[in-house]
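Beneath this line is the structure, given in structure tokens, with notes to follow.
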Amino acid sequence: MKNFAKSKINPDLKYVYSENNALSIVFQSNELLLGVLGEFNNNLKELEKITNTSIYSRGNSILLKNTPEKNEIIKNAIQFLVDQFLNNGTLEKKDIESSVNKFMIDEKVTNKSGNIEYIIKTPKKFVIPRSEKQKNYIRALKESDIVISAGPAGTGKTFLAVAVALTMLLDKKIERIILSRPAVEAGERLGFLPGDMREKVDPYLRPLYDSLYDLLDFEKIQKKIEVGDIEIAPLAFMRGRTLKNSFAILDEAQNATDTQIKMFLTRIGENSKIVINGDPSQIDLPNKKISGLNRSKKLLGHLKEISVVDFDHTDVVRHPLVSKIVKAYSDKNSD
């Protein structure tokens with residue numbers, strides 16, 4: 001991918017403050033300005049909509065007319081977009097959203113609720129807790145040796161755990177991330193699938209890859225996988241190992257048996273963390289009673305080194321309809 005920072009584009013910006021809280025951001029390169037503005041100024045319009053601010057394009061400048069606090073946030077967001085464009089040669093809608101999330105325009109997040117300490121800073125975005133349960137979960141991920149979380153899809157169980165693990169790896173607090181999940185079902189019968197072992201298990205591990213790629217550039221993730229800093233493997237591969245200086249996550253743990261979860265938990269070694277995630281309402285095992293997720297919560301929840309976090313439909317952060325679907329099925333099952 002072309003790196004525009006190495007081209008003849010002048011990346012410098014000049015900031016001119018004037019009366020009535022106006023701030024002009026002057027671009028030295030028209031090509032860079034057009035890249036940030038987007039076709040028909042669509043990027044600017046999206047930034048205005050997300051931040052509920054006034055932003056104007058004037059010649060080779062972007063003009064802000066808001067409170068000093070909001071102007072500073074937009075200024076930083078635009079610098080973020082400049083960096084993204086210089087690195088990637090293009091901007092996507094998710095970059096606009098990330099530019100705002102990065103600088104926390106929502107005052108109730110930054111000032112009132114105290115969530116600022118729970119923000120997870122990754123190279124591609126700032127991950128912000130969207131519910132009290134998510135905040136508690138992030139705290140548990142940082143402070144506890146073992147975390148067991150259960151709840152419906154879309155509550156951020158896997159994504160937040162991967163985000164915390166990745167920041168710890170990049171900060172050199174750990175040496176390796178291990179991401180695992182039961183492949184197919186508890187027996188992990190992979191023989192009938194076509195291809196070599198990686199081709200057999202990759203479809204079942206794809207959600208873990210997706211979380212990583214959302215937080216760090218594809219090439220960097222691939223490099224870390226190649227050198228072994230990040231390992232993605234089915235649960236069966238964990239037997240007989242001791243995990244030191246590692247952050248290990250078992251996803252879809254509702255499809256692991258009691259024995260398998262015990263096996264995974266007892267892999268923990270020096271300076272390591274283990275996270276068990278699952279959705280008890282989506283057990284795919286032939287006999288749902290052999291799922292070990294709920295039993296692990298009951299057996300281990302009293303230990304001070306272990307945190308248990310239970311999510312429900314109010315914590316769903318995907319499309320709003322997902323929360324309603326989860327609640328509807330939950331209500332039906334309770335009838």
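Here are the numbers for this structure:
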{"quantity": "Fully extended contour minus Cα-Cα distance, from N76 to N245, at 0.36 nm per residue", "calculated": "57.3 nm"}
{"quantity": "Cα gyration tensor shape of segment 118-333, rounded if a/c is under 1.5, else prolate or oblate by comparing a/b with b/c", "calculated": "rounded"}
{"quantity": "Anchor K8: lysines whose Cα lies under 22 Å away (excluding residues fewer than 8 positions away in-chain)", "calculated": "none"}
{"quantity": "Antiparallel content of DSSP bridges confined to segment 118-333, in %, to 5", "calculated": "10 percent"}
{"quantity": "Computed lengthening from A328 to A153, 0.36 nm per intervening residue step minus Cα-Cα distance", "calculated": "61.6 nm"}
{"quantity": "Residues H313, H302, sorted so that the one with the fewest Cβ neighbours within 10 Å comes first", "calculated": "H302, H313"}
{"quantity": "Two-site label geometry, D145 and N87: point separation in nm, points 7 Å out along Cα→Cβ", "calculated": "3.6 nm"}
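A short reminder: the numbers here are calculations on the coordinates, not readings from a lab. All values reported here derive from a predicted model rather than from experimental measurement. Glycine also receives a Cβ, built like all others from the backbone with ideal geometry; neighbour counts cover every protein chain displayed.
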